[in-house]
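The values are calculated or read from the model by the stated rules, or taken from the named source; none is laboratory data. Treat the numbers as computed from the prediction; the structure is a model and nothing was measured. Don't worry about glycine lacking a Cβ; one is built from the backbone with ideal geometry, like all the others, and counts go over all protein chains shown.
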Amino acid sequence: MDAYIETGNKVVFASAVDWPGWARKAKSEDEAVESLLAYGPRYASAIASARLGFKVPKSMRVVERVKGGSGTDFGVLSISPKADDRPVSAKELRRQIKLLRASWATFDAMAKKHARKKLRTGPRGGGRDLRKMTGHVFEADVSYLSCIGAKYKGSDMDELREAFLRRLEAHWRGEPLENKRRTPPWTVRYCVRRSAWHALDHAWEIEDRAT
């Protein structure tokens, strides 16, 4: 299965090219790929509702490397690979949306499951509580929505996500941006990748810190 590598000065991400949301970070390329494979079963479970026939591979083939930046070292996917510039067919758009919905649903399910638990903090008390983490995921998707040309000023997660998907489809059709941007908008693939990864990264964080 194909993967791409995003390398910062301190952090390296390995991400599956065609399975948005499946990405892990480490201190080296080999460790990042190893972590990606180790999380394969968790990813399979997270996207099972999409029913796309995902099977955990035994190995990954690195097909692209991109240079990361400060965001990478902060622990955030930050650079769009050339693979995400590929045209998206109507069939592929539906597939991408299924994976994104499944990732969102996994975050929601994990937050609901552990709603009454106090998440473990780090040795210095670091780490968001569940309420702040949910707010953080919401705010991130508002930001991601702006990166494909739209704004959201409400406070409802479901409403935001439906607006997100409507704008994603409009962006795919090539409709004009609703807001002005100084930088080019994200591609459909990269927008899905970022939102799916962010939702799953925090879903798994909740699971790990609650057990």
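Among the residues of region 173-182, are any within 22 Å of His114 (Cβ to Cβ) and at pLDDT 95 or above? Scanning region 173-182, I find no residue that is within 22 Å of His114 (Cβ to Cβ) and at pLDDT 95 or above, so the answer is no.
Looking at Ala111, Ala150, Ala115, can you tell me which residue is in contact with a helix residue (DSSP H, G or I) (Cβ under 7 Å, 6 or more places away or on another chain) and exposed (fewer than 13 other Cβ atoms within 10 Å of the Cβ)? Talk me through it step by step, then tell me what you get.
On the way: Ala111 fails: exposed (fewer than 13 other Cβ atoms within 10 Å of the Cβ); Ala150 fails: exposed (fewer than 13 other Cβ atoms within 10 Å of the Cβ).
None of the other options fit; the residue is Ala115.
Can you confirm whether region 53-61 contains a residue that is touching a residue at least 24 places away in the same chain (Cβ under 8 Å), surrounded by 17 or more Cβ atoms within 10 Å (Cβ to Cβ) and hydroxyl-bearing (Ser, Thr, Tyr)? No, that holds for no residue.
Do the conditions hold for Tyr152, that is, is it outside the structural domain of Ser15 (by TED's automatic domain parsing), aromatic (Phe, Trp, Tyr) and within 14 Å of the chain's Cα centre (by Cα)? So Tyr152 does not fit the description; no. Restricting attention to region 34-52 and to residues that are closer than 19 Å to Phe107 by Cβ and polar (S, T, N, Q), the residue that is surrounded by the most Cβ atoms within 10 Å (Cβ to Cβ) turns out to be Ser49.
Could you look through region 118-131, keep only residues that are surrounded by 10 or more Cβ atoms within 10 Å (Cβ to Cβ) and not hydroxyl-bearing (Ser, Thr, Tyr), and pick out the one that is modelled with the lowest pLDDT?
Residues of region 118-131 that are surrounded by 10 or more Cβ atoms within 10 Å (Cβ to Cβ), as a first pass: 118-121, 127-131.
Those still in the list that are not hydroxyl-bearing (Ser, Thr, Tyr) too: 118-120, 127-131.
Working: Lys118: 88, Leu119: 90, Arg120: 89, Gly127: 81, Arg128: 87, Asp129: 90, Leu130: 93, Arg131: 93.
That would be Gly127.
In summary, Ser15 fulfils each of the numbered conditions (1) touching a Ser or Thr at 6+ places or on another chain (Cβ under 9 Å); (2) of a type in the set (Gly, Ala, Ser); (3) touching a residue at least 60 places away in the same chain (Cβ under 8 Å) with the single exception of condition (1). Being in contact (Cβ under 8 Å) with a residue 24 or more places away in the chain and not aliphatic (A, V, I, L, M) is not true of Gly40. With respect to Ser195, is the statement that it is modelled with pLDDT of 95 or more, part of a helix (DSSP H, G or I), out of contact with any Gly (no Cβ under 7 Å at 6 or more places or on another chain) and within 28 Å of Ala14 (Cα to Cα) true? So Ser195 passes the test. Restricting region 170-192 to residues that are within 20 Å of the chain's Cα centre (by Cα) and part of a loop (DSSP other than H, G, I, E, B), the residue that is surrounded by the fewest Cβ atoms within 10 Å (Cβ to Cβ) is Pro184.
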